[in-house]
Amino acid sequence: MSSRFHQLLPMLLLLSVGVSAVEVQRPRGVPLSKRQFYEEGKPFTCLDGSHSIPFDRVNDDYCDCQDGSDEPGTAACPNGSFHCTNAGFRPAFIPSSRINDGICDCCDTTDEYNSGAACQNTCREMGHKERESLQKMAEIAKEGFVLKQQLIQEAKRGIEDKKAKLVDVQVVKKDLEEKVEALRTVKETAEQPEKEAKERHLKNFTIRWYYQKALIRMEKDKARMAVVFLELDDDADGLVSVSELLSHSELDPDSDASFTEAEAQGLLGGVDKVDTEAFEAVWNNLKEKYVSEVTTYTAAPVETPPEEVREPASDNESEQYPEDDVQEDEEEEDEEDEDDDQDDADYKTPPTPATQEKKDDDDEGTMPPYDQETQNLIDAAQKARDDFDEAERALREVDDQITNLEKEISFDFGPNAEFAYFYSQCYELSTSEYIYRLCPFNRVSQKPKYGGSETNLGTWGKWAGPEENVYSMMKYEHGTGCWQGPNRSTTVKLTCGKETVVTSTSEPSRCEYLMEFTSPAICGEPPSRDSEPRDHEEL
Amino acid sequence: MSLNSRGLLAFEHLRMRKDTQADPEPEKKEEADPDNQAETAKEEEEKVEEGMWEETFKSHSDGKPNGPSSVSLDFSLPGVEHVYGIPEHADTLRLKTTDNGDPYRLYNLDVFQYELYNPMALYGAVPVMLAHHAQRTTGVFWLNAAETWVDISSNTAGKTVFGKMLDYVQGSSETPQTDVRWISESGIIDVFIMLGPTPKDVFSQYASLTGTQSFPPLTSLGYHQCRWNYNDQEDVQSVDAGFDEHDIPYDFIWLDIEHTDGKRYFTWDPHKFATPKEMLQGIMDKKRKMVAIVDPHIKVDSNYKIHNEIRSRGFYIKNKDGGDYEGWCWPGSAGYPDFTRADMRAWWASMFAYDQYEGSMENLYTWNDMNEPSVFNGPEVTMHKDAMHGDWEHRDVHNLYGFYVQMATAEGLIQRSGGVERPFVLTRAFFAGSQRYGAVWTGDNAAEWDHLKISIPMCLSLGLVGISFCGADVGGFFKSPSTELLVRWYQTGAYQPFFRAHAHLDTPRREPWLFGPENTALIRDAVRQRYTLMPYWYLQFYQAHHTGQPVMRPLWVEYPQDPATFALDDEFLIGRDLLVHPVTEEGVRGVTAYLPGKDEVWFDVHTFQKHNGAQNLYIPVTISSIPVFQRGGSIIPRKLRVRRSSSCMEHDPYSLYVALNPQRTAEGELYIDDGHTFNYEKKEFVHRRLSFANNLLSSVDLAPDAQFTTHSWIERIIILGASKPSKVTLKTADGQESHIDFEFDASMSVLTLRKPGMNSGADWTVMLQ
């Protein structure tokens, strides 16, 4: 069988190249390659070998073979196929259900031999067109392929450059690392005396500071006592009496809502009246509970409890919020409404008395400036720190540079790095509604032409072509989510072209975009000149 | 049947509003039982209740110029335990009692993501109920287009089988009885009782009142490929090419609302569908067709011809204050043409003329969606009840609106061809009689197994009340089906009357070839099964058109005395001869089908295995299985040469499947015409009776006065349940006799006659000896 098959070859080639080929006699719809199975006058064996039928049942418009092989030229078998020679174009198989269905499928019209369909033989025209377009494509491919070689060279150079640079940078890095270490030592050396000087200063100061503070506090207490005495002494007789005390029910020792004379007397140390001197002796009984008769808020900078150090942190917060943080919040979330306003209102309530108190404390004494010697040590240490920080920053930058270089060098830019030139480039396509932007190996986005924000159609995922041609497609994933749908994603199809352009975009399925992208980098090696396209199809 | 035996007859006369409101009773709820209202009104004529003259629903108010106007009547059905009909509800075939919940509601609404097994109102309403027991079938047609409620109660509903047996043993005197009560918001009591006694009698009695199923173009029984939306002409072309590439037949490709220029119906998007005729011609070249959507809401836009004409002619529905009613729908602000007006419908029909509907061609057909009508900002997403159609309130005609939209559209498609071509119009809303104008689908279902399952009772219920051309969105409209669900849905849809895949805009694409070669093959096989049966489907529609019998039937219609069939709704019959039990459950390895008929046999159409009737048959299934059985005693014509579209198959030969019953006889019919014109009304068709008896199979003319020339011939005859003959002879009309080759498969008793070759329209006899 196989030897006969080969014998046919020379004839075949002749046929497909020559325009004036002679049609070899065979049943309708049979390709030349299978002609030998259909021998006039001899029983026909179904090609699956299932059984044999008389030859007059081949193409008799009744399906006898399970595999459809007895009816290559009729529509009788559901799984048959019909061969059109399509002289001038290329031969093709069509499902036999398309024979005589009134629709012209074969350009040589042979499929419509009994349907009345007015088919025109368009094979020459199509062949011509196809050759033209193949030629055009071949030219493009050729030029593209040349460009591709350049790209490959450039990429090679680029990578070499980068590798060289990487080496350089690694040297720089080493230097920097050493420098950082050296500066760290300098810094640490400078910081030790600074630390000691500071501690000394603090120690000295602390003792004085507490003493001063105590003094100030005592004076303040005395001043207040005098004020209170005057306030209590309603009749200004220089004495505070039980009856005068009674008007201040907050002083009631058992707070039982009845402030008795006996109780008041007890507060005054068992007497009816006290002068200023005696008042000083009982002042401690009164000062905690006493509420000034001057009711306005500002007039009450009362020195309250001795535990004066009252969470200064929260004081700071309550001071800062209204000015800084809240304002930022407002800018960031200006759509949020009432709730936030409510919060703002809370923040904006007047500072608590504690704040006021803190300010008073500050009046009581601040840290005095460092002496010159200490200051010199501090300055020296600061300089060492700055130098160190700067060196460290430089090292980090170099590290980043190395990471990027390494990434770029190891990135999959195609078998010969021909796609490297896309890197950090962007390509745009403008449609009636949108501007699409493809930044290869980075992201795809879509921006409405007339206002509106940009939508992320996916960030670089992977090369996603079929196994034999992985670099023919790119996949960008995890873009902006769709309502009731998936996250947007884009498939970029690369085709050979002289220029690097996005030629079309579409959204075949909701939120799944398709982009056509031409580049010389995908151009294959053009076929050698003498091979006429697809001649040997039917073998 | 007895009427008003429970004394629930009630009606409220129309009255004038008395503006002196006396003593309103705020504690009475507005949705108070109308019966109470009626009685109250009778007793105390002057009493005014809240809600009588005005109602509010959310932010909507309904001025009720005639006051409360409900009507009601009860029907008692002694001996009846099974009632059916009153679509559209996503519920079981057998209606449930409503004692413990809401009544079945009939009020055409655009329901978003409807719930299953629920008496809530859906897109259409047919106020027809069938009542059945083993001795008799009857029907009630409550002709009222206002909002309607149906309550059903039964004295046996709560009883277990054991309880019923106990009753029987004890000779309990109580006969089973179902009581039904109809209530409508306005209008009159206009009731037709169909007395049967057989189901077929009820169908023809009802058909005499509302007409029969329109006879659709043959192609519309093929497969329809739809999606919201095909993006542009290129997309349409590539989907069309995809079907050829994957060798899957289809007849219609559909365009949803996005094809229009800004939701202005009768127009095309100037960028995406710039050259519609070119596109349509491309489809026509493949002998295929297209459907484009035309909804009844009209964009209010003074640059839109359709709107300007309707406004200037005063054809819009008015609001209660006399201005044009405006609502919110796809195009934004929209008017609603008053389709209840004959002059409006005539004008609308004229808009389908080729010179009016720019870009249309003879292979472009129409889909009316949103015709409940859907009003996005209206009460319950529909029109305000106090909107005005001339002197009639919308309240009175609501359920008729969609019916008239489809009527006017179908008329338009007929007129554009000069009355020659049959129309095809799909509608979502419908009413009693909608069968005369085209097809109906079950609206916006979801890609869920339960939705696949419910498609069977939903279409069966529609068929019982005359609407045979019914289908559900294959794959499910909302959400995305699993591959298994999609395959099962194709397998089910291939055996339902209207076979269309559809999908929501936000779902991933799901053309049949997107799920891998294996699933493509499964879907191809299901669609091809549909196409081989096109002659049978066409015959069923021809018969439905003449008799009013449903095409897709519950088993009890053919086996009215077999109680085992009364509640079956996971299987169905097509005509009388094909029984289908599609697989509608995920991951199952078998289904149990009930094969009816005590003395009957059924043949598995795939394996030709014979099974006895009156049994529950367990059928092991794989993912490729579609359990379908042909009744012994029937002859079914098929066309086995499945092509790109049904038009391509027009002249193809027939294969006759003769399934013998135990008496070794069989009967069937063959109907052939041009497939698309009204010429069948001029007796241009072939209608033959095929019968097998005494080893003679013959074809006899059923319409000797009809004339039609067909090129189709008989390519094979397959006789199931046959014994091996020694000789087979064909005798044609001219007396010629010839031998016919045959094959006999003894294991399945299948006799195949090879290429008898006679013309399908001729008289002939085949003798087995």
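Summary table
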quantity	calculated
Ellipticity estimate at 222 nm from DSSP helix runs (n ≥ 4, -39,500 (n - 2.57)) divided over the protein assembly as shown, nearest 500	-9500 deg cm²/dmol
Cα-Cα over 19 Å, subset of A:Lys449/A:Lys493; A:Lys407/A:Lys493; A:Lys162/A:Lys407; A:Lys165/A:Lys407	A:Lys449/A:Lys493; A:Lys407/A:Lys493
Drop in accessible area of at least 10 Å² in the complex versus isolated chain, residues of segment B:637-669, 1.4 Å probe	B:Leu640, B:Arg641, B:Val642, B:Arg643, B:Arg644, B:Cys648
Heavy-atom accessible area, 1.4 Å probe, ligands and nucleic acids excluded: residues of segment B:494-516 down by at least 20 Å² from chain alone	B:Leu505, B:Asp506, B:Pro508, B:Arg509
Where labels lie 7 Å past Cα in the beta-carbon direction, separation of A:Gln135 and A:Asp67 in nm	4.2
The protein assembly as shown - percent of accessible surface contributed by carbon and sulfur, probe 1.4 Å	51
Given charges at Cβ of Lys, Arg, Asp, Glu: the protein assembly as shown dipole, positive-most of B:Val180, A:Pro91, B:Ile306	A:Pro91
Residue-normalised accessible area of segment A:78-122, expressed per residue, 1.4 Å probe, Å²	42
Computed magnitude of the charge dipole of segment B:653-768 (debye, nearest 20; Cβ of K, R +1, Cβ of D, E -1)	420
Segment A:267-287-segment B:241-270 distance, computed between alpha-carbon centres (Å)	101
Local net charge near A:Lys156, Cβ-Cβ under 11 Å (Lys/Arg +1, Asp/Glu -1)	-1
Estimated vicinal HN-Hα couplings, Hz - segment B:180-191 in sequence order (Karplus 6.51, -1.76, 1.60; Gly, Pro = x)	10, 10, 9, 9, 10, 6, 8, x, 10, 8, 9, 10
Heavy-atom surface of chain B, accessible at 1.4 Å and reported per residue (Å²)	36
Average Cα contact separation per residue, segment B:653-768, under 8 Å, 6 or more apart, as relative contact order %	29
Anchor A:Lys213: lysines whose Cα lies under 19 Å away (excluding residues fewer than 8 positions away in-chain)	A:Lys203, A:Lys222, A:Lys358, A:Lys359
Members of segment B:700-721 that become less accessible by 40 Å² or more once partner protein chains are added (1.4 angstrom probe, chain alone as reference)	B:Arg716
Total accessible area lost when A and B pair, probe 1.4 Å, Å² to nearest 100	2300
Distant-in-sequence amide H partners of B:Asp338 (H built 1.01 Å from N, under 5 Å)	B:Tyr316, B:Ile317
Convex hull of Cα atoms in the protein assembly as shown, direction-averaged projection (nm²)	81.8
Cα centre as origin, Lys/Arg/Asp/Glu Cβ charges: the protein assembly as shown dipole, Debye	11420
Rough spin-label spacing in nm, given labels placed 7 Å along Cα→Cβ, for A:Val291 and B:His13	7.8
Separation between Cα centres of segment B:381-413 and segment A:208-265, rounded to whole Å	90
Amide H partners (placed H, <5 Å) of A:Phe44, local residues excluded	A:Ile53, A:Phe55
Residue-by-residue Karplus 3J(HN,Hα) for segment A:276-282, coefficients 6.51, -1.76, 1.60, Hz, glycine and proline x	4, 5, 5, 4, 4, 5, 9
Span-rule helices in chain B, defined as complete DSSP H runs reaching 20 Å or more along the axis (Cα) with Kyte mean at least -0.5	B:401-416, B:449-464
Extension reserve of the A:Ser504-A:Ala214 stretch, reckoned as 0.36 nm per residue once the Cα distance is removed	96.2 nm
Long-range HN-HN contacts of B:Phe478 with modeled amide H, under 5 Å	B:Asn445, B:Ala446, B:Ala447
Pairs beyond 32 Å (Cα-Cα), from B:Lys200/B:Lys610; A:Lys34/A:Lys475; A:Lys34/A:Lys142	A:Lys34/A:Lys475; A:Lys34/A:Lys142
Inverse of mean 1/r across different Cα pairs in segment B:420-485, Kirkwood, Å	12.7
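The values are calculated or read from the model by the stated rules, or taken from the named source; none is laboratory data. All values derive from a computational prediction rather than experimental measurement. Quick reminder, even Gly has a Cβ in these numbers, built from the backbone with ideal geometry, and neighbours come from all protein chains shown. Heavy atoms of the whole protein, side chains included, go into the accessibility calculation; ligands, DNA and RNA do not. Shrake-Rupley method; radii C 1.70, N 1.55, O 1.52, S 1.80 Å.
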